[in-house]
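Beneath this line is the structure, given in structure tokens, with notes to follow.
The values are calculated or read from the model by the stated rules, or taken from the named source; none is laboratory data. This one's a predicted model, so the numbers in the text were calculated from it and none came from an experiment. Here the Cβ is made from the backbone with ideal geometry for all residues, glycine too, and neighbour counts use every protein chain on show.
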Amino acid sequence: MSTETVDNATKMFEFFARINAKQLVQSLVIPIVGVGIFLMLWGLLAPKVVTSLGAVPGPSQVYAQFQTLVEEHKEERVKETAFYERQEKRNAKKLAENPDAKTKIRPYTGNPTFFDQIGTSVFTVMAGFILASVIAIPIGIVAGLSKTVYAAINPLVQIFKPVSPLAWLPIVTMIVSATYVTNDPMFDKSFVNSAITVLLCCLWPTIISTAVGVTAVSKDLQNVSHVLRLNWWTHVTKIVLPSAIPMIFTGLRLSLGIAWMVLIAAEMLSQNPGLGKFVWDEFQNGSSNSLGRIMVAVVVIGLIGFLLDRTMLFLQSKVSWDKSVALR
Amino acid sequence: MSIPHLEITGVNMDFPTPKGPYRALENVNLKINKGEFVSIIGHSGCGKSTVLNIVAGLYQATAGGVILNGQEVTVPGPERAMVFQNHSLLPWLSSYENVELAVKQIFKGKKSKAEIKEWIEHNLSLVHMEHAMHKRPDEISGGMKQRVGIARALAMEPEVLLLDEPFGALDALTRAHLQDSVMEIQADLGNTMMMVTHDVDEAVLLSDRIVMMTNGPAATVGEILDVNIERPRDRIEVSEQETYNHCRHEVLRFLYARHGAKEEDMPKEEKEEKATVVKLASSNIEGEAEPLKAGTHG
């Protein structure tokens with residue numbers, strides 16, 4: 001290697017190092033400082049507010065509560081495995097004594113832990129959201145393509161959109177308990193209630209955004225489609241959908257964000273299992289640890305909401321043809 | 001008497017506006033023979049593109065109609081392929097896939113998979129785009145996009161190729177190259193071509209006939225000029241010919257001296273002012289054309 005290339009290489013390295021240093025400050029150091037200031041203020045101010053459950057916990061107490069929750073979860077799991085092991089041993093013994101004996105494994109009925117509740121909530125929100133998207137995207141496409149369909153559904157969408165899904169909750173509960181009657185339900189009624197509530201709030205933003213995205217397909221591309229005499233299906237899949245993808249995703253992200261907020265509230269209100277129930281139970285519990293445990297839930301709810309949104313962004317970057325569009 | 005290949009008869013076009021219908025075209029008549037290259041030239045907003053859109057079937061004439069090979073044109077179709085001003089490629093498909101969309105639509109069931117592939121590649125090589133076949137529109141230059149647009153239109157094996165200001169958005173050098181390509185292709189394939197343009201040199205260089213349109217509203221065909229220059233045409237040789245300069249002069253005279261603006265509406269003093277502006281305008285056009293000629297090396 002000649003000295004010149006080495007020189008160039010060093011220059012390049014320095015150049016990139018400088019850029020990276022600047023970017024590093026922007027993207028990492030400053031956010032950390034921001035969060036740090038927030039935690040400091042929290043730590044300083046929280047003890048000054050005294051409630052009937054004691055002082056408002058600061059960051060360190062909340063973290064301690066988080067560790068307790070982890071411990072509780074682990075203990076519960078240990079109990080559960082022990083419970084199943086005992087049953088298996090008993091069954092094995094029974095079979096050894098009498099090979100024809102009927103054995104069965106009873107499901108573990110311990111309390112759901114904080115982490116079980118997280119799992120329930122995430123599963124519920126995804127189920128409702130995916131179902132809603134499967135319904136809303138085709139409706140949006142048809143509404144965007146046909147002025148008649150749009151005129152027909154527009155008043156309904158406009159009226160139902162501003163309704164808080166919580167207002168639906170009693171109706172949904174009544175209808176589900178009346179119609180979802182089976183001896184061997186695949187899903188719990190509470191799950192069906194929550195999922196339908198989520199579905200109802202996810203429909204509208206997705207329908208509207210999809211319809212807007214479809215209407216906005218450029219006139220030129222529509223002309224191309226006309227000249228080629230593309231049939232309806234090819235027109236939709238080759239021209240309409242790719243153009244509308246960014247708007248569809250805007251609607252989906254909006255929906256998922258609302259859905260997550262609504263689900264927590266619905267769980268609190270209807271005592272369906274999930275993070276909302278966890279918060280409500282802790283509130284009713286009223287121990288000196290309750291506030292800390294609720295704060296853990298608040299932070300976790302925020303983090304999950306953030307992760308859900310990032311997941312949608314990631315999906316969009318995978319699906320969308322236009323990688324140059326800044327995804328925020 | 002033989003039936004003309006493409007016949008536009010008595011076409012009127014009204015566009016609805018809040019103040020009532022706006023008559024863009026009135027009684028447009030034009031007969032085009034097979035294999036002919038016809039340019040439509042006129043000032044902005046005179047409805048040249050509207051004529052083309054009616055032939056394409058994208059607009060429906062209010063009165064009159066278009067007949068292609070004895071059949072009336074009512075809907076768009078691949079036998080009247082269009083090259084759009086802004087290329088109109090699907091940005092999410094590569095050049096190859098853009099042409100493929102058209103080819104599959106037209107030749108599905110008529111050509112085998114291998115033949116389809118060969119046909120797509122053949123058309124891309126006609127416009128010298130074989131090297132960037134698998135690039136997407138945002139990865140290639142404006143001129144290359146327009147080439148792909150032309151390849152897509154050619155791949156439909158159209159009876160008539162409609163070009164709507166195809167080189168309007170390109171720089172002079174690229175435009176010259178593409179004009180040469182179009183002449184080459186027309187010499188090879190003998191397509192009937194109808195081009196809308198506002199570039200006088202382009203019209204004279206490429207056309208067999210130049211249709212000059214009057215100003216709107218109620219624009220119509222003003223004059224038709226035959227360009228009797230032998231093909232193949234070389235832009236440098238041609239530019240020295242008397243016929244070429246005569247044709248240019250005729251078109252400029254029509255556009256600026258006779259239809260520069262609605263002179264009959266103006267008071268007398270303004271008319272005189274206008275005359276000077278006309279001179280300036282035509283010298284401007286020539287000035288614009290200079291780099292185009294200078295920049296051509298074959």
Exercise. Are any residues in the stretch A:212-236 of a type in the set (S, T, N, Q) and away from chain B (no Cβ under 11 Å), and if so, which ones?
Worked result: A:215
Problem set entry | Filter pass, residue B:162 being aliphatic (A, V, I, L, M) and away from chain A (no Cβ under 13 Å) | no
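Could you tell me whether residue A:279 is more than 24 Å from residue A:109 (Cβ to Cβ) and either among the aliphatic types (A, V, I, L, M) or touching a Cys at 6+ places or on another chain (Cβ under 8 Å) (or both)? Give the derivation first.
On the way: more than 24 Å from residue A:109 (Cβ to Cβ): no; either among the aliphatic types (A, V, I, L, M) or touching a Cys at 6+ places or on another chain (Cβ under 8 Å) (or both): yes.
In short, no.
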Exercise. How many of the residues making up the stretch B:80-97 are at the interface with chain A (Cβ under 9 Å from one of its Cβ atoms) and either out of contact with any Phe, Trp or Tyr (no Cβ under 6 Å at 6 or more places or on another chain) or surrounded by fewer than 19 Cβ atoms within 10 Å (Cβ to Cβ) (or both)?
Worked result: 12
For this session: Go through B:115, B:130 for me and flag whichever is farther than 24 Å from residue B:203 by Cβ, away from chain A (no Cβ under 14 Å), of a type in the set (Asp, Glu) and touching a Leu at 6+ places or on another chain (Cβ under 6 Å).
Result: B:130
Exercise. Give me the pairs: first residue in the stretch B:64-79 and under 19 Å from residue A:226 (Cα atoms) and within 14 Å of chain A (Cβ to nearest Cβ), second residue small (Gly, Ala, Ser) and assigned to a loop (DSSP other than H, G, I, E, B), beta-carbon distance under 7 Å, and six or more apart or on different chains, which are they?
Worked result: B:73/B:57; B:74/B:57; B:75/B:57; B:76/B:57; B:77/B:57
Exercise. So residue A:195 fits all but one of (1) outside any helix (DSSP H, G or I); (2) more than 30 Å from residue B:100 (Cβ to Cβ); what number is the exception?
Worked result: (1)
Exercise. Out of A:286, A:305, which single residue is within 24 Å of residue A:195 (Cβ to Cβ) and either away from chain B (no Cβ under 14 Å) or not acidic (Asp, Glu) (or both)?
Worked result: A:305
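So how many residues does the stretch B:39-53 have that are within 14 Å of residue B:80 (Cβ to Cβ) and surrounded by 24 or more Cβ atoms within 10 Å (Cβ to Cβ)?
1
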Exercise. How many residues are touching a Ser or Thr at 6+ places or on another chain (Cβ under 6 Å) and in a helix (DSSP H, G or I) when one looks only at the stretch A:273-328?
Worked result: 2
For this session: Taking the options A:209, A:243, name whichever one is within 14 Å of chain B (Cβ to nearest Cβ), touching a residue at least 12 places away in the same chain (Cβ under 8 Å) and out of contact with any strand residue (DSSP E or B) (no Cβ under 7 Å at 6 or more places or on another chain).
Result: A:243
Problem set entry | Test: residue in the stretch A:258-272 that is in contact with a Pro (Cβ under 8 Å, 6 or more places away or on another chain), buried (at least 20 other Cβ atoms within 10 Å of the Cβ), within 14 Å of chain B (Cβ to nearest Cβ) and assigned to a helix (DSSP H, G or I) | no
Exercise. Going through the stretch B:183-205 one residue at a time, which ones are surrounded by fewer than 24 Cβ atoms within 10 Å (Cβ to Cβ) and not charged (D, E, K, R)?
Worked result: B:183, B:185, B:186, B:187, B:189, B:190, B:191, B:192, B:197, B:198
Exercise. Among (1) at pLDDT 90 or above; (2) away from chain B (no Cβ under 14 Å); (3) touching a helix residue (DSSP H, G or I) at 6+ places or on another chain (Cβ under 6 Å), where does residue A:168 come up short?
Worked result: (1)
For this session: Determine whether residue B:152 is touching a residue at least 60 places away in the same chain (Cβ under 8 Å), surrounded by 15 or more Cβ atoms within 10 Å (Cβ to Cβ), of a type in the set (D, E, K, R) and within 14 Å of chain A (Cβ to nearest Cβ).
Result: yes
Problem set entry | Scope the stretch A:191-227; condition of a type in the set (Ser, Thr, Tyr) and more than 30 Å from residue A:277 (Cα to Cα); matching residues | A:209, A:210, A:215, A:218, A:225
Exercise. Can you name the condition, by its number, that residue B:231 falls short on among (1) without any contact (Cβ under 8 Å) to a residue 40 or more places away in the chain; (2) surrounded by fewer than 18 Cβ atoms within 10 Å (Cβ to Cβ); (3) within 20 Å of residue B:5 (Cβ to Cβ)?
Worked result: (1)
